[in-house]
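Right, one structure below, let's go through it.
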């Protein structure tokens, strides 16, 4: 008597063959990488006072938001601070609520963002090649001079980096897996929206440039990444990003003009009437990468 056979889907037979369970070495390398990142960045969050400019501005604005019970408007000494969207302030406020208002609580969200970025770099490297290369990529990122120095400062960049890495990982998973592709590609837009809600338009520019370049040079990427352009994803993006910006424009009628000037001014290295500092030439940012990527530059 012949036993009945289960019919397999095309995804099971052709597109997504069963994967072997990862070896213990892979798990050990990921744990080592996360532990090292936590040792360098999380354990040290309470070391040293907040310095008065960038750290003081972000941590101080979050403290004033807690005191005023106004979570929508960042202020420094009561003056609205609208240079950047509010997500960094919100996560600092959440940290204050848990740990109290202190240096460690202000720095903790940034430190956790670095740990998340390192883990995502491992996962991306593992998918592109193998877990050893993911481990080495994570070590390289941790040993960058820029990561070691700048990722200890309370500012949006570490959080933005984690969100962009999340968008890249979701895009890669959606590229590889036909099953659940819509879910993974929705993740790309969610992480991009969170990045924009942290630092502005660059949160969508960086992932878009990566996916567009891949689509230009690789036909298969062009076919698969076309699914990123569904209208539902754009709606999710706007639902996350738009409400605060609409609120800011409603209460400060020149907000959109100011935000545009802020983004373009940093991009072009220009000085205009909305800033009280001198612009830096664009080539300076390119040259500084040599320093921030040391010793791998």
Looking only at region 156-206, and only at residues there that are surrounded by 20 or more Cβ atoms within 10 Å (Cβ to Cβ) and assigned to a loop (DSSP other than H, G, I, E, B), the one that is nearest to the chain's Cα centre (by Cα):
156
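When you look at residue 119, is it part of a helix (DSSP H, G or I), under 18 Å from residue 54 (Cβ atoms), within 18 Å of the chain's Cα centre (by Cα) and at pLDDT 95 or above, yes or no?
Working: part of a helix (DSSP H, G or I): yes; under 18 Å from residue 54 (Cβ atoms): no; within 18 Å of the chain's Cα centre (by Cα): yes; at pLDDT 95 or above: yes.
No.
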Which one of these is free of Cβ contacts under 8 Å to residues at least 60 places away in the same chain, over 23 Å from the mean Cα position of the chain (by Cα) and not assigned by TED's automatic domain parsing to the domain that holds residue 89: 240, 246, 216?
216
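The values are calculated or read from the model by the stated rules, or taken from the named source; none is laboratory data. None of these values were measured; they are calculated from a predicted model. When we count neighbours, we look across all protein chains shown, and the Cβ atoms used for this are built from the backbone with ideal geometry, even at glycine.
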